[in-house]
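Q: Pasting in a structure now, in structure tokens, and then I'll have a few things to ask.
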Amino acid sequence: MAAVKSRPKPYVRALPTLSRAAALIDVSPAGITRGIDELGIEPIPWGRREKHLSVNDLLRLAIHLQRAPIEGVAGGLLEEVERDYPEQVEAVRGDIDRFFDSLPPRRPSSRDEFLGELHDLLPPKYAKQAEAIYLRYADSSK
């Protein structure tokens, strides 16, 4: 957090406000506030009332709240920065890259795990249809 506070003001201004973070993650402002409390995040104050989130905190929230894919949140942030604060694109892109580099490697789901999750999340009729489609394409790609 200290690294963000020591950043120049134009950089901090380019970071998402809590309301922009809520839109990027596809949650309500109350959902962002809950997530911030649950993760113990300290937003960066700006002016009298506005608060911003560091790139790291935004992406941690996206993972925690599980509403939008983290890649989509990062891409949405980068698009906004490119549009509104083009001079900060490289700094924000660097922070995004460092965040993704810090994540543990993803382990591919096994076929059984995937099918189990499919049946847990979908009504039985649709789960059977989705499984048949998956198996047809999985078997043809071997």
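Q: Test of understanding: ordering Thr17, Thr33 by Cβ neighbours within 10 Å, fewest first, what list do you get?
A: Working: Thr17 18, Thr33 14.
Listed from fewest to most nearby Cβ atoms, that is Thr33, Thr17.
Q: What is the angle, in °, between the Cα long axis of helix 111-121 and the longest principal axis of the Cα atoms in the chain? Nearest 10 is fine, range 0 to 90.
A: Around 80 degrees separate the two axes.
Q: I've got another one for you. For the chain, just run the numbers: alpha carbon Rg, then divide by 2.2 N^0.38 Å, N being how many residues it has. Write down the numbers at each step before the final one.
A: Values: Rg = 19.0 Å, N = 142, 2.2 N^0.38 = 14.5 Å.
Output field value: 1.31.
Q: Between segment 62-99 and segment 29-54, what's the alpha-carbon centroid distance in Å?
A: After rounding, the separation between the Cα centres reads 17 Å.
Q: When the chain is treated as a GNM, springs tying every alpha-carbon pair under 10 Å, which of Leu53, Leu39, Leu18 comes out with the largest mean-square fluctuation?
A: Result: Leu39 has the largest fluctuation of those listed.
Q: Could you give the angle, 0 to 90 degrees to the nearest 10, between helix 70-84's Cα long axis and the longest principal axis of the Cα atoms of the chain?
A: 40
Every number in this text was worked out from the coordinates using simple rules, so none of it is lab data. Bear in mind that the values here come from a model prediction, so they are computed numbers and not experimental data. Please note: Cβ atoms are built from the backbone with ideal geometry, for glycine as well, and neighbour counts cover all protein chains shown.
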